[in-house]
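The block underneath contains the structure these notes are about, expressed in structure tokens.
The values are calculated or read from the model by the stated rules, or taken from the named source; none is laboratory data. The structure presented is a predicted model; accordingly, all values stated were derived computationally and were not measured. So basically every Cβ, Gly included, is an ideal-geometry build from the backbone, and we count neighbours across all protein chains shown.
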Amino acid sequence: MNTGTRVIGYTRVSTVEQGDSGAGLSAQRRAIEEKCRHRGWILVDIIEDVASGKSSARPGLTQALERIESGEALALVAAKLDRVSRSTIDFCGLLARSERRGWKLAVLDLELDTTTPAGELMATVIASVAQYERRMIGERTRLGMAAKKAAGTLKAPVGRSRNVPPDVERRIKKARRAGLSYAKIADQLNAEGIPGGQGGRWYASTVAKIASRPARQS
């Protein structure tokens, strides 16, 4: 990114990690601030998430992306890959979103800056790894079902939305009541690295199933 580019920083930590100086919020903030000074980027804000360790929600990341996509900044900057996404597949989804919506992404521990040729190459490598992971997950699922079928233990299929944590289900229903489309909700969940029902990506169809599901009994 060029000197003068407006960026928003993003940091995340779980409460159990706050004493870890390598992954703490202050260390991430310093890394982002130093990089911005070195490159001449204009740091508009640094938005943070502090999770409980059990919750999958990342409201800070959602806010950061909404502000970038509203035109307040051109790029999102994170100190570490594992702070902005929980898996290669989810990070690939974040990269795809940035391409679709015209903003840039910088991850400092990878030296990834999607405005540079080296950053584009790194993004291509990550996308290839994500595709490989998706295929391996599909192959393992296929082989597992074949083994169960051969053993006579294959049960009736269960929708992958059944594995969604209660807090994520409540968030989806709340977002839907607020008027968000199924696709928009899926985009937000993918961008925040929240795994789907079986650890994969979110799709509008899956969100629709959860949104229409009766309330869970306590």
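Worth a mention:
- Hits in region 180-204 - residues which are modelled with pLDDT under 85, more than 19 Å from Arg12 (Cβ to Cβ) and among the polar types (S, T, N, Q): Gln198
- Filter result for Ala57 (surrounded by fewer than 21 Cβ atoms within 10 Å (Cβ to Cβ), in contact (Cβ under 8 Å) with a residue 40 or more places away in the chain and closer than 18 Å to Gly193 by Cα): yes
- The number of residues in region 95-112 being out of contact with any Leu (no Cβ under 6 Å at 6 or more places or on another chain) and crowded, with 23+ Cβ neighbours inside 10 Å comes to 1.
- Within region 28-54, the residues that satisfy the criterion of being surrounded by fewer than 21 Cβ atoms within 10 Å (Cβ to Cβ) and either part of a helix (DSSP H, G or I) or not assigned by TED's automatic domain parsing to the domain that holds Gly119 (or both) are Arg29, Arg30, Ala31, Glu33, Glu34, Lys35, Cys36, Arg37, His38, Arg39.
- Among the residues of region 23-38, those identified as of a type in the set (Lys, Arg) and in contact with a strand residue (DSSP E or B) (Cβ under 9 Å, 6 or more places away or on another chain) are Arg29, Lys35, Arg37.
- Total residues in region 68-83 satisfying the condition of being outside any loop (DSSP other than H, G, I, E, B) and within 13 Å of Ile8 (Cα to Cα): the figure is 6.
- Selection status of Val168, modelled with pLDDT of 80 or more and under 20 Å from Arg213 (Cα atoms): yes
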